[in-house]
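In what follows, a single structure is set out as structure tokens and then discussed.
The values are calculated or read from the model by the stated rules, or taken from the named source; none is laboratory data. The model shown is predicted, which means the values in this text are computed figures rather than measured ones. With ideal geometry, Cβ positions are generated from the backbone for all residues, glycine too; neighbour counts draw on all protein chains shown. Ligands, DNA and RNA are excluded from the accessible area calculation, which covers all protein heavy atoms including side chains. Shrake-Rupley method; radii C 1.70, N 1.55, O 1.52, S 1.80 Å.
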Amino acid sequence: QVQLVESGGGLVQAGGSLRLSCAASGRTFYGMGWFRQAPGKEREFVATINWGGGITYYADSVKGRFTISRDNVKNMMYLQMNSLKPEDTAVYYCAGGRLGPSMRSDEYDTWGQGTQVTVSS
């Protein structure tokens, strides 16, 4: 079964840290990414990474605070989130595709169910 499963979300105070994990199974995902959706807003790009892990892109809003990584032996992808802000509150989604890293949601064909991240002020 082809699937992505996120974990690691939760409630944290502003300035704190969380690490999200995404477990992949069923096939190889070349480009992978994280997106998020806050209440009343559209889903937005957060970060993406290529198969080898050497190419990454970030949204300006998270650059310098978040780090995306992957472990292909374990079939895992991660998002280390530091210096969290209340505006980071959202449901975070893991995405995987057959192409390279992309900031476009329509270039991913597999999505996880999402994990809630809440940052209190």
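To keep it simple, each residue is scored yes or no on (1) open to solvent by 50 Å² or more (accessible area, probe 1.4 Å); (2) without any contact (Cβ under 8 Å) to a residue 24 or more places away in the chain; (3) within 10 Å of the chain's Cα centre (by Cα).
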position	(1), (2), (3)
37	yes, no, no
68	no, no, yes
73	yes, yes, no
87	yes, no, no
105	yes, no, no
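Restricting attention to the range 89-103 and to residues that are open to solvent by 10 Å² or more (accessible area, probe 1.4 Å) and assigned to a strand (DSSP E or B), the residue that is nearest to residue 34 (Cα to Cα) turns out to be 93. A search for C-beta distances below 6 Å between a residue of the range 15-26 that is under 21 Å from residue 118 (Cα atoms) and any residue that is of a type in the set (Lys, Arg), counting only pairs 6+ apart in sequence or on different chains, returns nothing.
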